[in-house]
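Worksheet: the structure to be examined is printed underneath.
Only the coordinates and a few stated rules stand behind these numbers; no lab work does. Since we're looking at a predicted model, the values are computed, not measured. Positions of Cβ are backbone-derived with ideal geometry, glycine not excepted, and every protein chain shown enters the neighbour counts.
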Ligand SMILES: Cc1cc2nc3c(=O)[nH]c(=O)nc-3n(C[C@H](O)[C@H](O)[C@H](O)COP(=O)(O)OP(=O)(O)OC[C@H]3O[C@@H](n4cnc5c(N)ncnc54)[C@H](O)[C@@H]3O)c2cc1C
Ligand code: SF4
Ligand code: SF4
């Protein structure tokens, strides 16, 4: 076996991931841990300053409720999320995030994030829930507070560039996690009383539209590979909404954001004939009532109307940037100086939107000589992603808070600690927790805070170190390092190491997974359509892929990480396919369409489709759970 | 090739124990070629063009060239990041140039105070998080239970 030194770390709370949810968790956990005399350890595969989905920056905070100014209520937010998710949402979880999210935003502002203000000093809204920011350093600022909280209080320690793979278990209780350094020959064994998992969502499970050099330019960042889903599934936790993928419609190819264009600049999108699908296809929305009739129209239905245009050969679809900018500037047309100033301001805002969060789009516009004030740009649906914190909903099935339950919901939604999965001591937040979408960056941070406080309470009330079986750890170590050994053993048996009958390299493994998912599980090539036979075929091919995963090979630390990232993606894929099969209807057209069950079935399927995989037998179990309407 | 390194400018971060670009890349792509002490992107097709290596390089040695499989040639987007603002130069294929400057933070680097100066409390059982209700700007945290 490759020679990796064991590093054993004992802690009270182990935080996995260093993204938005984990940074929230670190700040909150450090505060309570100091009072309780506990230790907190955070592990990130990258550098916290620039890790996770916010690594590049963002141009908006997408969840701010505005409670203090009475702009909206907690119930308003719950109503919005429930409708956007076609009725499938955990209202207790969404409400918990909504009641705490404003305080995360107020903290961001204190920490130094520039939030746009109007002349009266009020936040500038992009839409009802969104705030405009100068967010180039959003993650740097939020990570700085988290690091200061952990390190200055003396309760914490941080490990960067350690890639987490498997959970450690003590019977039905989580006991920690194992992983490896991507820099040195070190195998990490973290033993903990509670584990907080927030390692993001998943991309590259499906074939991206661009598969050459632009492969990495997916909308979702290539470094989040389904580590959260894998970790929680492997611990035996029940998962929810694994069928609820997210497909964003963005500027085509570079995936630049459209939110500011639609919401702030009030732009229209039109097809090749100049028709506006949101107007022309309005009657289609009746088929998806009651959700088709609410405002704003659910994201998947907006996607769907555009996709129908494309499928009928009416593409490309254009964002009418020139028209929108003209209209906004027209308000000032009688005052040439103010008109010029307004045009300039709009231009700067439009470019900042890209430069803060999707710089590639700025390159693409510059390389195509696009001036948005002069001509429209194409928009298109991206490939599917797993991002439970955004408009998807996939993640672990977790307990809600006790005080946000109805008499009805309490038995099914509450089991002791906010954010705890069905595995004792395993807490989840951000993309790792499910059925509570539309939390975005701010809500993930707030949820991280709320769940971390509950995790500390759990530790105080269950203050024993679980047992860790060192023999089991050694076995895991051998499995995790196997790709290095495989490469070492066989790479010299062919003249070049890239084609070898004894192993598969991580990139080809990823391509194999992507091809299966793209063609059979409603990817871009399949126009987001699937059916039972296709999904069963996907499962057959995934089973062969799973067998071959034991033959993954890695030349170095970096490739070893790539191997495990792709195993994680494969597990996310299997959970997704199984859950699409289980849900016998089409509920989210625009995300995926079951051609054999083309209608929504409110009578039988207004419920959660959950799944879990028994860690010892490998058997999957599908479970339906009820939806309770707490905020009537 | 998304991010790429200009060999004339890269000094390998003077052979310190880790280079800046290697330290920051969220996808672990930047590596140092030890013989020449020059950094490079080991897998351009896994690059998000997040520009973190570009922004952090002390010698401005890292640049980005748009993805060859869909971006026409000839444009560039170049940041200059200081402690409180960032200046962008966007050069179009046709040679025209636009410049933008945006603030990036309002506090001195390194000084974010975790509790943000809000009052804290000691009740581990209630729904109020450490800095709440003060950080919410409300008298109390929302709940359904009277
Ligand atoms: C393109 C894009 C645009 C967005 N725009 C907005 C917006 O405008 N406004 C807004 O509010 N929100 C936006 N969001 C949503 C927001 O980014 C997410 O909701 C938020 O980042 C989720 O937080 P998280 O902590 O769950 O995951 P992340 O922030 O992604 O953090 C995941 C963390 O886990 C670490 N990690 C992953 N795998 C491992 C492993 N195996 N071992 C150790 N560590 C690991 C990562 O390095 C990272 O630190 C956007 C998201 C994307 C992708
Ligand atoms: S940060 Fe710049 S100077 Fe340092 S190794 Fe990387 S490219 Fe070279
Ligand atoms: S642009 Fe981002 S993803 Fe690409 S090499 Fe640089 S830091 Fe890494």
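Odds and ends about this structure:
- Of B:113, B:64, B:54, the one that fluctuates the most in a GNM where chain B has Cα springs shorter than 10 Å: B:113
- Average projected area [Cα convex hull, the stretch A:453-509], square nanometres: 6.8 nm²
- Computed from Cα atoms, the angle from the helix A:138-152 axis to the main principal axis of chain A rounds to 40 degrees.
- GNM result for chain B, Cα springs below 10 Å: residue of B:75, B:61, B:130 fluctuating most strongly: B:130
- Angle in degrees between helix A:336-357 and the longest Cα principal axis of chain A, rounded to the nearest 10: 20 degrees
- Residues residue A:619 and residue A:278, FRET efficiency given R0 of 45 Å [Cβ-Cβ distance, rounded to 0.05]: 0.50
- When you restrict to C-alpha pairs under 8 Å that are six or more residues apart and normalise by the size of the stretch A:75-174, the relative contact order lands at 15 percent.
- Cut-off 20 Å (backbone N to label point 7 Å along Cα→Cβ of residue A:266), residues of the stretch A:339-365: A:339-351
- Spread of Cα-to-Cα distances over 10 Å intervals beginning at zero, given as percent, for the stretch A:550-632: 14, 33, 28, 17, 7, 1
- When each of B:121, A:390 is scored by the number of other beta-carbon atoms lying within 10 Å, the sequence from fewest to most is B:121, A:390.
- Whether the protein assembly as shown is rounded, prolate or oblate, judged on the alpha carbon gyration tensor where a/c under 1.5 counts as rounded: rounded
- When the convex hull of its Cα atoms is projected in every direction, mean area for the stretch A:37-92 (nm²): 7.5 nm²
- Contact order for the stretch A:118-238, expressed relative to its length and based on alpha carbon pairs under 8 Å spaced 6+ residues apart, stands at 17 percent.
- Calculated on the alpha-carbon coordinates, the convex hull of the stretch A:487-550 measures out at 76 cubic angstrom per residue.
- Gaussian network model of chain B, springs between alpha carbon atoms under 10 Å - residue of B:114, B:103, B:26 with greatest fluctuation: B:114
- For chain A, the relative contact order works out to 22 percent when only alpha carbon pairs closer than 8 Å and six or more residues apart are counted.
- For the stretch A:158-200, the residues whose amide N sits under 18 Å from a probe point set 7 Å from the Cα of residue B:16 along the beta carbon direction are A:160-161.
- Which of B:85, A:450 has the fewest Cβ neighbours within 10 Å, and the rest in rising order: B:85, A:450
- Principal axis dimensions, the stretch B:1-109 - Cα atoms, whole angstrom, descending: 41, 39, 25
- Extent along the principal axes, Cα only, for the stretch A:226-272: 47, 21, 19 Å, with the longest axis given first.
- Backbone N atoms of the stretch A:238-258 closer than 18 Å to the 7 Å Cα→Cβ label point of residue A:311 belong to residues A:245-249.
- Cβ crowding within 10 Å, taken as a proxy for footprinting-reagent exposure, orders A:32, A:588 from fewest neighbours to most as A:32, A:588.
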